[in-house]
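Below is one structure, written out as structure tokens; the observations come after it.
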Amino acid sequence: MSSAAHDPRPALAPGVTPNQLQDWLHDGQEIALLDVREHGQYGEGHLFHAVPLPWSRLEWDLPRLVPCRHARVVVYDDGPGDVAGKAWQRLHDLGYHAGFVLAGGAAAWAACGQRIFQGVHLPSKTFGELVEQRLHTPSISATELARRQAAGDRLLLLDGRSPAEFRKMNVPGALNCPNGELALRIGDLAPDPETTVVISCAGRTRSIIGAQTLINLGLPNPVLALENGTQGWFLAGLELEHGQQRCHAPGLPADLALRQRQASALGRRHGVQWIGSAQAQAWVDDARRSTFVLDVRTGEEFAQGSIQGAQHAPGGQLVQATDQFVGVRSARLLLLDSEGVRAPVVASWLRQMGIDAHVLQDGVAAALRLPPPLQPALPAVPTQTADALAAALASASASTCVIDLRPSMAYRRAHVPGALWSIRPRLSEALASAGVAADASITLVADEPAIARLVAQDLMARGQPCPQLLAGGVEAWERAGHALESSPETPGDAQCIDYLFFVHDRHDGNQDAARRYLAWETGLVAQLDARELAAYRIA
């Protein structure tokens with residue numbers, strides 16, 4: 001790759017063909033396959049092992065998802081666009097040594113006869129379906145569960161999702177116990193071995209994984225997965241509860257020693273190793289390997305303290321949505337907890353997913369020093385009060401443009417009057433179509449200041465003056481007594497590339513959307529090729 005004398009950066013991104021990429025994904029070496037399109041584009045069709053890292057937040061999330069700058073990184077977009085090229089350039093600028101662009105993007109992958117998958121968290125969701133097929137996880141239908149509830153049977157119904165998801169809706173009578181907590185809490189929750197334990201989620205996979213977790217641990221109780229979760233309940237014509245906060249008790253259980261023995265035995269059965277601080281430190285210090293240090297405890301526990309630099313990854317979500325936390329295939333994972341139960345159980349599942357997961361001895365108390373994460377150099381963005389912005393907009397002499405960077409659906413619901421909605425990959429196009437002058441004063445509206453700083457970087461690179469950020473966002477604007485406006489059809493659906501319309505209203509009363517989602521989930525396994533299936537090691 002040649003460089004111009006005035007610019008040390010390579011002129012062209014090195015490409016990789018679809019066939020080469022297929023081989024790389026299965027050669028056992030580290031690789032990060034990053035889909036740099038926005039969430040809606042990714043969810044409508046992507047490569048099976050792709051990790052979503054949209055251009056709108058690439059530099060901010062990249063160090064967390066791909067901490068080792070020596071790892072192979074392949075980025076791709078639709079094919080005809082230039083987003084992948086921009087993403088590769090930023091990788092190069094940030095010091096990533098082995099970056100590539102998939103030649104022709106997703107379109108070329110499909111043209112070579114490779115599958116494109118809809119939805120999100122594909123490897124994790126497919127894993128849940130495979131677990132049910134191979135381990136024959138027992139289940140119960142919504143109508144049968146309702147009948148048994150009405151008959152007064154001894155039942156314990158646990159919802160394995162996150163607390164936020166549980167608050168949105170749940171099967172009546174359910175108690176929230178995220179899957180990552182089940183192994184630790186089940187003795188307190190089900191002291192009577194005659195009680196039937198039913199695990200629920202919103203669809204299928206967390207019900208399956210939660211139920212099979214208890215079965216794998218040797219719980220004497222009958223254990224069942226609720227078939228199709230809350231969606232199955234809804235499709236059966238039954239009413240859901242909303243806004244509930246019933247949850248497992250905090251703290252350590254009385255039978256901790258038993259739970260530790262069970263978790264240790266399960267972990268060892270699946271090849272989990274307990275890594276001491278010295279070995280862990282050597283792994284972390286190895287600049288040519290990716291080692292993720294993940295705290296699998298609850299958010300409340302993590303907030304009270306963890307190893308400095310560890311990433312919070314609640315155990316149930318780490319199995320359910322691994323690509324939210326780990327962007328490198330064939331990386332090493334070190335899991336930590338505070339009691340020796342949750343980490344080995346989560347690691348046992350990850351190893352069955354083909355992931356090199358281990359447990360850190362002494363957990364959060366281990367003597368482990370993590371390097372500070374790479375932070376991109378981004379411009380500081382000064383803030384502007386709601387009243388100052390309102391005055392500038394009212395001034396006939398001021399040239400002020402408001403750009404709303406929040407999710408498109410939030411913009412549709414309510415935004416500052418006259419604000420322009422945009423997303424980072426469409427920024428130049430949006431400014432051009434709105435006729436924004438090169439010297440215009442721009443105010444950004446964003447839920448996350450980091451997103452505003454990335455856009456400020458792009459604006460300044462194209463010659464615009466440094467923008468300001470509306471302090472407190474639309475909430476502060478409204479609190480200051482200024483009106484908001486809504487636009488239910490603007491931006492148009494085609495522009496809402498951040499929003500996944502694919503079965504988007506399955507939890508909002510749309511039975512057809514719920515049926516489509518469940519059919520998609522149950523159809524995942526049949527779409528995999530032999531090498532994708534071989535990566536799983538379910539036993």
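The values are calculated or read from the model by the stated rules, or taken from the named source; none is laboratory data. If you're wondering where the values come from, they're calculated on a predicted model, not measured in any experiment. Cβ placement follows ideal geometry from the backbone for every residue including glycine, while neighbour counts extend to all protein chains displayed. For the accessible areas, the whole protein counts, side chains as well, though only heavy atoms, and no ligand, DNA or RNA atoms are used. Shrake-Rupley method; radii C 1.70, N 1.55, O 1.52, S 1.80 Å.
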Quiz item: Can you name every residue in the range 31-44 that is open to solvent by less than 10 Å² (accessible area, probe 1.4 Å) and of a type outside the set (V, I, T)?
Solution: A32, L33, L34, D35, E38, G40, Y42, G43
Quiz item: What about R426, is it open to solvent by 50 Å² or more (accessible area, probe 1.4 Å) and farther than 23 Å from A386 by Cβ?
Solution: yes
Quiz item: If you scan the range 269-297, which residues turn out to be part of a loop (DSSP other than H, G, I, E, B), open to solvent by 30 Å² or more (accessible area, probe 1.4 Å) and more than 22 Å from Q352 (Cα to Cα)?
Solution: D286, A287, R288
Quiz item: Quick one: what pairs do we get from the range 292-315, first residue on the phi > 0 side of the Ramachandran plot, second part of a loop (DSSP other than H, G, I, E, B) and among the charged types (D, E, K, R), C-beta under 9 Å, 6+ apart or different chains?
Solution: G309/R369
Quiz item: Does A514 count as small (G, A, S), closer than 24 Å to R57 by Cβ and part of a helix (DSSP H, G or I)?
Solution: no
Quiz item: What residue, among those in the range 120-138 that are surrounded by fewer than 20 Cβ atoms within 10 Å (Cβ to Cβ) and in contact with a strand residue (DSSP E or B) (Cβ under 9 Å, 6 or more places away or on another chain), is nearest to G316 (Cα to Cα)?
Solution: V120
Quiz prompt | Close pairs (8 angstrom Cβ cut-off, 6 or more residues apart or separate chains): on the phi > 0 side of the Ramachandran plot and modelled with pLDDT under 95 in the range 385-405, open to solvent by 40 Å² or more (accessible area, probe 1.4 Å) and of a type outside the set (F, W, Y) anywhere | solution = none
Self-check item: Residues of the range 298-325 that turn out to be surrounded by fewer than 24 Cβ atoms within 10 Å (Cβ to Cβ) and hydrophobic (A, V, I, L, M, F, W, C), as a count
Solution: 6
Quiz item: Any chance the range 198-218 includes a residue that's open to solvent by 10 Å² or more (accessible area, probe 1.4 Å), part of a strand (DSSP E or B) and at pLDDT 95 or above?
Solution: no
Exercise. Give the residue that is farthest from E489 (Cα to Cα), with candidates limited to residues of the range 412-435 that are in a loop (DSSP other than H, G, I, E, B) and out of contact with any Leu (no Cβ under 8 Å at 6 or more places or on another chain).
Key: G435
Practice problem: Run down L533, L524 and say which single residue is surrounded by fewer than 18 Cβ atoms within 10 Å (Cβ to Cβ), out of contact with any Pro (no Cβ under 8 Å at 6 or more places or on another chain), within 26 Å of I355 (Cβ to Cβ) and at pLDDT 90 or above. | Solution: L533
Quiz item: Does any residue in the range 316-335 that is under 24 Å from R69 (Cβ atoms) come within less than 8 Å, Cβ to Cβ, of a residue that is in a helix (DSSP H, G or I) and at pLDDT below 95 six or more places away or on a different chain, and which pairs are these?
Solution: none
Exercise. Residues being closer than 23 Å to P178 by Cα, assigned to a loop (DSSP other than H, G, I, E, B) and not acidic (D, E): count how many of those fall in the range 331-382.
Key: 6
Practice problem: Mind counting the residues in the range 140-155 that are open to solvent by less than 40 Å² (accessible area, probe 1.4 Å) and either without any contact (Cβ under 8 Å) to a residue 60 or more places away in the chain or assigned to a helix (DSSP H, G or I) (or both)? | Solution: 3
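What tally of residues in the range 458-500 results from selecting those that are part of a helix (DSSP H, G or I), open to solvent by 50 Å² or more (accessible area, probe 1.4 Å) and either more than 20 Å from W55 (Cα to Cα) or hydroxyl-bearing (S, T, Y) (or both)?
Keep residues of the range 458-500 that are part of a helix (DSSP H, G or I), which gives 458-461, 473-479, 493-495.
Still in the list and also open to solvent by 50 Å² or more (accessible area, probe 1.4 Å): 460-461, 475, 478-479, 493-495.
Still in the list and also either more than 20 Å from W55 (Cα to Cα) or hydroxyl-bearing (S, T, Y) (or both): 475, 478-479.
Going through the range 458-500 one residue at a time, the tally reaches 3.
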Quiz prompt | Unmet requirement for P417, which otherwise passes all of (1) in contact (Cβ under 8 Å) with a residue 40 or more places away in the chain; (2) out of contact with any strand residue (DSSP E or B) (no Cβ under 7 Å at 6 or more places or on another chain); (3) surrounded by fewer than 17 Cβ atoms within 10 Å (Cβ to Cβ) | solution = (2)
Quiz prompt | Residue satisfying all of: in the range 383-412; over 37 Å from the mean Cα position of the chain (by Cα) and of a type in the set (A, V, I, L, M); surrounded by the fewest Cβ atoms within 10 Å (Cβ to Cβ) among these | solution = A396
Quiz prompt | Only one of A103, A142, A98 that is in contact with a strand residue (DSSP E or B) (Cβ under 8 Å, 6 or more places away or on another chain) and modelled with pLDDT under 95 | solution = A98
Quiz item: Taking only pairs six or more apart or across chains, which ones have beta-carbon atoms under 9 Å, a first residue in the range 52-78 that is more than 21 Å from L405 (Cα to Cα) and open to solvent by 10 Å² or more (accessible area, probe 1.4 Å), and a second residue that is of a type in the set (S, T, Y) and not in a strand (DSSP E or B)?
Solution: P67/S290; R69/Y96; H70/Y96; H70/S290
Quiz item: For residues in the range 156-173 being in contact with a Leu (Cβ under 9 Å, 6 or more places away or on another chain) and assigned to a loop (DSSP other than H, G, I, E, B), which is surrounded by the most Cβ atoms within 10 Å (Cβ to Cβ)?
Solution: G160
Practice problem: Determine the pairs where a residue that is closer than 22 Å to I451 by Cβ and touching a residue at least 60 places away in the same chain (Cβ under 8 Å), located within the range 471-489, has a partner that is open to solvent by less than 70 Å² (accessible area, probe 1.4 Å) and of a type in the set (S, T, N, Q) with Cβ atoms under 9 Å apart, the partner being 6 or more residues away or on another chain. | Solution: A471/Q384
